[in-house]
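One structure below.
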Amino acid sequence: MVDQNLVYDIKITSVGPGRITGSDVIHEPNGIDLAMKLPYLKGVYFFNSQACQGLTIMQIKGSMFHWLNEYYTVCGRFRRTAAGRPYVKCNDCGVRVVEARCNKTVDEWLETRDCSLHDLLIYHAPVGPELFFSPLLYMQVTKFKCGGMSMGISWAHVIGDVYSASECLNAWGQYLSGLRSNGPFKLTKSPSGPGSPKIHSVDTKEPVSLKRVDPVGDLWVTANSCKMETFSFHLSASQVSQFHSKNWGHGIGKLPFFESLCAIMWQCIAKARDGLEPRAVTLCKKDPSNPRDGVLSNSQIISSVMADFSVVETDLKRLASLLLDQAMKENTQIEEVVEKDNGVFDYIVYGSNLTFVDLEETNFYGLELNGHKPEAVHYSIQGVGDEGVVLVLPWPKDSGTDGNIGRIVVVTLSENEVVKLKLELKKNGLMLEDDIGILE
């Protein structure tokens with residue numbers, strides 16, 4: 001049971017751009033954006049006392065005025081066209097800034113390795129039911145008794161993927177440090193009118209990675225048929241090296257770590273589902289050419305992989321090779337399916353199939369305070385479909401002599417599958433006895 005008293009003295013304010021964005025400036029989400037309308041990114045960055053020395057909440061808010069001049073889209077509010085298509089009115093309503101205190105030290109918090117506690121550090125509310133009133137970004141600054149702090153964010157995925165969110169926050173860090181200053185106002189997208197017609201194929205092939213769901217109206221929340229649970233575990237640099245040598249011998253370069261780990265996670269989840277093994281999975285990876293500086297987008301590469309054989313019975317190398325060589329990119333199909341009905345229907349990608357998200361190359365540790373990188377960064381996704389999602393994050397604080405770094409693996413699944421999955425992960429050496437209540 002999470003102790004709600006760990007975090008207290010909560011205050012909520014709003015911060016907007018330091019200058020007026022302009023009248024009638026709008027941001028029109030594209031089809032991929034609208035396919036990501038229901039999930040939210042929840043991230044938390046932990047900083048030690050040295051990073052926060054001399055840093056006040058007034059300085060933090062003051063830097064945001066300049067930062068939000070550039071990223072004014074996150075300060076807007078959603079509206080709908082007459083046809084029902086959502087768009088953002090860039091009216092400078094601002095982001096919500098939450099201040100809080102914690103009676104633990106940063107080290108004490110991180111030692112628990114219990115990601116369920118992170119929700120106390122991340123103020124979250126979904127978009128809706130009053131679209132015109134709902135912020136797209138919440139930022140929670142929590143001060144710990146050691147002098148350290150955390151920065152927690154709840155980010156509406158419809159305005160940009162995790163790679164965009166990370167770069168956006170890194171830019172804030174540069175404004176806070178005085179390494180970046182305001183230039184002239186520029187539109188990140190042309191303020192063309194919302195709801196302009198799109199060209200689409202008549203016979204668009206349905207993408208495997210996209211699932212249409214029942215209408216949610218103006219409360220943008222994913223409906224699940226089961227209760228979802230999130231847990232995480234750490235893989236040290238030495239564990240990563242041992243994992244490679246155990247499964248693939250010493251030919252480390254032959255199969256990338258992400259596909260190798262996803263193969264074993266796929267098989268372990270299949271075993272935990274007692275014969276209802278997932279044969280279709282979705283992969284989400286960074287587009288090397290995005291995000292562009294100052295431009296928020298859902299540009300991640302979304303692919304599907306189909307196994308026409310038993311996932312439980314096959315060998316891991318075959319699964320990893322399938323993930324590496326047979327992934328079919330579906331961004332274009334997703335875009336066309338959503339645009340076919342002018343973006344008025346509701347869809348999910350995360351959890352429509354079992355979904356693996358590669359965050360290894362995300363520059364989470366590019367957010368610096370007083371020249372210090374975070375002690376740790378943790379992300380999860382709120383609003384995942386029943387099939388679940390697995391995120392693979394970097395853990396550069398743990399690095400090995402062979403060039404490997406640690407990883408943080410964040411898993412969201414039906415709560416009925418979690419205990420069985422943990423046992424499977426323990427059998428495969430990925431989780432230890434003391435990892436997040438393995439035998440609870």
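A simple packing score, the average count of other Cβ atoms within 10 Å per residue, orders the peptides 82-91, 303-312 as 82-91, 303-312, with the highest score first. Partner lysines whose Cα lies under 28 Å from the Cα of residue 271, excluding those fewer than 8 positions away in the same chain, are identified as 211, 227, 246, 254, 285, 317, 329, 420, 422, 426, 427.
The charge dipole of the chain, taken about its Cα centre with unit charges on the Cβ of Lys, Arg, Asp and Glu (plus for the first two, minus for the last two), comes to roughly 880 debye.
For the chain, the antiparallel share of DSSP beta bridges with both residues in that region comes to about 80%.
Applying the criteria of a DSSP loop state and at most 14 other Cβ atoms within 10 Å to the GluC sites (Glu not before Pro) of the range 292-391 yields 313, 361.
The Cα atoms of the range 240-362 give a gyration tensor whose axes a ≥ b ≥ c have a/c of 1.5 or more with a/b no greater than b/c, which makes the shape oblate. Rounded to two decimals, the Cα-based Rg/Rh of the range 328-367, with Kirkwood Rh, is 1.11. With kT/(6 pi eta Rh) evaluated at 37 °C and eta = 0.692 mPa s, and Rh the Kirkwood radius from Cα pairs, the range 1-144 diffuses with a coefficient of 193 µm²/s according to Stokes-Einstein. Measuring r between the beta carbons of residue 423 and residue 181 and using R0 = 60 Å, the FRET efficiency lands at 0.65.
Of the DSSP H helices in the chain, those that are both long (alpha-carbon extent of 20 Å or more along the helix axis) and hydrophobic (Kyte-Doolittle mean at least 0.0) are 162-176, 257-272.
Sorting the segments 9-18, 414-423 by their mean number of nearby beta carbons within 10 angstrom, highest to lowest, gives 414-423, 9-18. Taking other residues whose beta carbon is less than 12 angstrom from the beta carbon of residue 327, and scoring Lys, Arg as +1 and Asp, Glu as -1, yields -2. Report the Rg/Rh value for the range 310-440, based on alpha-carbon coordinates and the Kirkwood definition of Rh. Dividing the radius of gyration by the Kirkwood radius yields 1.01. If you wrap the tightest convex hull around every Cα atom of the range 73-118 and split its volume per residue, you get 124 Å³. Per residue, the range 70-179 exposes 31 Å² of accessible surface when a 1.4 Å probe is rolled over the protein heavy atoms with every protein chain present.
Each other residue within a Cβ distance under 14 Å of residue 168 adds +1 if Lys or Arg and -1 if Asp or Glu, for a net charge of -2.
Where does the Debye-calculated log10 I(q)/I(0) of the chain sit at q = 0.06, 0.08, 0.10 Å⁻¹, using only Cα point scatterers of equal weight, no solvent? Log-scaled intensity ratios, in q order: -0.25, -0.45, -0.71.
What does the charge count near residue 279 come to, summing +1 for each Lys or Arg and -1 for each Asp or Glu among other residues with Cβ under 13 Å from its Cβ? Local charge sum for residue 279: -3. In the chain, if the dipole is taken from +1 on Lys/Arg beta carbons and -1 on Asp/Glu beta carbons about the Cα centre, which of 52, 305, 416 is farthest to the positive end? It is 52, whose Cα lies furthest towards the positive end. Does the range 1-69 classify as rounded, prolate or oblate by the C-alpha gyration tensor (a ≥ b ≥ c root eigenvalues; a/c under 1.5 gives rounded; else a/b over b/c gives prolate, otherwise oblate)? It comes out oblate by the Cα gyration axes. For the chain, with a Gaussian network of springs between Cα atoms less than 10 Å apart, report the residue from 92, 214, 287 with the top mean-square fluctuation. Evaluated over the chain, the most mobile residue of the options is 214.
The values are calculated or read from the model by the stated rules, or taken from the named source; none is laboratory data. None of the values given here were measured: they were computed from a predicted structure. Counting neighbours? That spans all protein chains shown, and the Cβs are built from the backbone with ideal geometry, glycine included. Calculation scope for accessible area: heavy atoms of the full protein, side chains included, ligands and nucleic acids excluded. Shrake-Rupley method; radii C 1.70, N 1.55, O 1.52, S 1.80 Å.
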